[in-house]
Amino acid sequence: MKSLYGDLIKQHQKNPYHFLKKEDVELSLRANNPICGDRYDLYIENEENVLSTLHFHGFGCALSKASASIMVETLEGKSYEEAKEICQNFLDYIHDKTNGEVYTEAFKAFEALHTQTARIDCVALTWKEMLSFLQTQSS
Amino acid sequence: MSFDALSVKAQFPIFHRYPDLVYLDSAATSQKPASVIKVLSDFYSFENANIHRGVYDLSAKATDKYEEVREKLAAAFNANANDFAYCSGTTEGINLVVNGYLLPHLEKGDEVLITAMEHHANLIPWQQACEKKGAKLSIIPVKPSGEIDMEAFENKLSKKTKMLAMVHISNTLGTINPVKILTQKAHDLGVPVLLDAAQSAGHLPLDLQDLQVDFAVFSAHKLFGPTGIGALYCSENFKDQLKASKFGGGSIKEVSFEKTSWMAFPHGLEAGTPHIAGVVGMGAALDFIATLDLEESFAHEHALVTQLRQELDALGGIKIFGNPSEYAGIVSFEVDGVHPHDVASFLSEADIAVRAGHHCTQPLLERMQVPATTRASFSIYNTEKDVERLVATLKDLKEFWE
Ligand SMILES: Cc1ncc(COP(=O)(O)O)c(C=O)c1O
């Protein structure tokens, strides 16, 4: 069985990217899972439909945290349109619906979810929140 | 004679299919022995018919089989056959008592008393009833040891109390509550008592006459039987006061468009075509339990969980929730700095099944100030090797997350 806890996930869980409470940022999203109590805030600084700077903060399991960290790192600097496609690719990938095609190699850290589906919700949590925000921003 | 867990384990097909599986989630649902699975399959294959209706042979036989299981319940839990109504499980059983007994008796200003360690199934129905009637849901606190605060219980119990509902064995902490003492004190004030026996039935000798509770509920799926079936025990004194709250065919004496009269307990509560195969399967589970010596099997589970509690303590960096003096084969813990879901996933990768979450006891966990715990729970098919595998894997996990 392929492990859910590869090096990249461990790395992001230990040293998450832009893990900071940015209360001065006006636009923030709350991603929470009432079933397990995981909760993250995503802080979005934007310029002309570009996610110029992203931060996140909160608590939850290693998988949800590493996944949020990878998301923030991947989406920073992307336009809303690009970000939407990337989120969709990630969510499709973890559900094994892309024939292995990934926007970035980092997504493959979650390959084990293809056979171990129990933790998909943890990993999808912040991505789904981001995607539904981006969808409301569509022209 | 000591308990032979390996020969018991051999009777459970799932462990033949997954020989390396360490199943430590029996508090959620037990595995099923071959005998129970065979009875279910035989019933559907060779004995299937609806009950109480047909005059033909198959229907009469199905009816007999269905009714016979009440005798088995009576023998297993020391009561009378007609003290047991079938229901879908613990949750439905409690709802039947709330809707059929409590609501008609509850008035504004009355109180219902429960403990802080109740499963949501033994909390929400009472809470909703109290809300509806302007009554108060009163909570007996649980001490850090995981035991009921008896002094607080005595203070909260009063003539205003219309029901005391409590869990026999906490599905989160493993605590065995002193049911007999609480029941006596409640009865001294004329307060009826409901026992949630979901975690005790089939795990220890459960003597309903001795405990003197008025209502008791449990689910067959936690005692080696099928899902979707269980029983509600009602003592003689309360049978007339426990009204039907689910209406339909099969439960009535006489029906006209103007009015209906119901059959007496238990049949009056069993409207509609019941889970006949489930009842028959529950009977097979009770037959299986009858082959065990429950004192011995309980001692076996107790020894395993005691070994685990000691070894977790010795590992360091692990917090165990509660250390009650009387406990069953259930323990909840937290590994420092590792989320319970990660603990459970890591263990799953080593073929060890435990539960992570709030175990449907969210208010209890809130009081213990944790959002979730990891829980290991034992049954008769667990062995010392299971404990060793769990402890060794937790050691690996701690190294991994260093
Ligand atoms: C103590 C306790 N009460 C009630 C229940 C609910 O049982 P069921 O879901 O079978 O109705 C459970 C099951 O987890 C339990 O452990």
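Scanning the stretch A:33-76 for residues that are more than 14 Å from chain B (Cβ to nearest Cβ) and of a type in the set (A, V, I, L, M, F, W, C) gives A:LEU42, A:ILE44, A:VAL50, A:LEU51, A:LEU54, A:PHE56, A:ILE70, A:MET71, A:VAL72, A:LEU75.
Name the single residue, out of those in the stretch B:328-338 being touching a residue at least 40 places away in the same chain (Cβ under 8 Å) and open to solvent by 30 Å² or more (accessible area, probe 1.4 Å), that is farthest from the other protein chains (Cβ to nearest Cβ).
Step one: list which residues in the stretch B:328-338 are touching a residue at least 40 places away in the same chain (Cβ under 8 Å), which gives B:328-335, B:337-338.
Checking which are open to solvent by 30 Å² or more (accessible area, probe 1.4 Å) leaves us with B:334, B:337.
Numbers: B:GLU334: 13, B:GLY337: 10 Å.
Per the criteria, the residue is B:GLU334.
Determine whether B:VAL280 is open to solvent by less than 30 Å² (accessible area, probe 1.4 Å) and of a type in the set (Val, Ile, Thr). Yes, satisfied. Is it the case, given these coordinates, that B:ALA376 is within 26 Å of A:LYS65 (Cβ to Cβ) and crowded, with 21+ Cβ neighbours inside 10 Å? For B:ALA376, the condition - within 26 Å of A:LYS65 (Cβ to Cβ) and crowded, with 21+ Cβ neighbours inside 10 Å - is met.
Filter the stretch A:102-126 down to the residues that are polar (S, T, N, Q) and open to solvent by less than 30 Å² (accessible area, probe 1.4 Å), then identify the one that is modelled with the lowest pLDDT.
Keep residues of the stretch A:102-126 that are polar (S, T, N, Q), which gives A:104, A:115-117, A:126.
Now drop any that are not open to solvent by less than 30 Å² (accessible area, probe 1.4 Å), which leaves A:116, A:126.
Numbers: A:GLN116: 89, A:THR126: 97.
Out of the qualifying residues, it is A:GLN116.
In the stretch B:27-48 there is at least one residue matching the filter, namely being more than 30 Å from B:CYS130 (Cβ to Cβ), in contact with a Leu (Cβ under 8 Å, 6 or more places away or on another chain), among the polar types (S, T, N, Q) and away from the ligand (no atom under 16 Å from the Cβ). For the stretch A:13-32, taking the residues that are within 13 Å of chain B (Cβ to nearest Cβ) and within 14 Å of the chain's Cα centre (by Cα), the one that is surrounded by the most Cβ atoms within 10 Å (Cβ to Cβ) is identified as A:GLN13. The set of residues in the stretch B:352-370 that are open to solvent by 10 Å² or more (accessible area, probe 1.4 Å), among the hydrophobic types (A, V, I, L, M, F, W, C) and within 12 Å of the ligand (Cβ to nearest atom) contains only B:CYS360.
Out of the stretch A:62-101, which residues are among the basic types (Lys, Arg) and surrounded by 15 or more Cβ atoms within 10 Å (Cβ to Cβ)? Don't jump to the end; show me each part of the working.
Taking the stretch A:62-101 and keeping what is among the basic types (Lys, Arg), we get A:65, A:78, A:84, A:97.
Within the stretch A:62-101, A:LYS65, A:LYS78, A:LYS84 qualify.
For the stretch B:111-123, enumerate the residues that are within 11 Å of the ligand (Cβ to nearest atom) and either part of a loop (DSSP other than H, G, I, E, B) or surrounded by fewer than 24 Cβ atoms within 10 Å (Cβ to Cβ) (or both). Of everything in the stretch B:111-123, those that are within 11 Å of the ligand (Cβ to nearest atom) and either part of a loop (DSSP other than H, G, I, E, B) or surrounded by fewer than 24 Cβ atoms within 10 Å (Cβ to Cβ) (or both) turn out to be B:MET117, B:GLU118, B:HIS119, B:HIS120, B:ALA121, B:LEU123.
Filtered by the rule that a residue be within 18 Å of B:LEU242 (Cβ to Cβ) and part of a loop (DSSP other than H, G, I, E, B), the stretch B:256-271 gives B:MET263, B:ALA264, B:PHE265, B:PRO266, B:GLU270, B:ALA271.
Listed conditions (1) in contact (Cβ under 8 Å) with a residue 12 or more places away in the chain; (2) more than 17 Å from A:GLN13 (Cα to Cα); (3) in a helix (DSSP H, G or I); (4) of a type in the set (D, E, K, R) are all met by A:ASP92, apart from (1).
The values are calculated or read from the model by the stated rules, or taken from the named source; none is laboratory data. Since the structure is predicted, the reported quantities are computational estimates derived from the model, not experimental observations. Cβ sites come from the backbone with ideal geometry, for glycine too, and all protein chains shown count toward neighbours. With ligands, DNA and RNA removed, areas are computed over all heavy atoms of the protein, side chains included. Shrake-Rupley method; radii C 1.70, N 1.55, O 1.52, S 1.80 Å.
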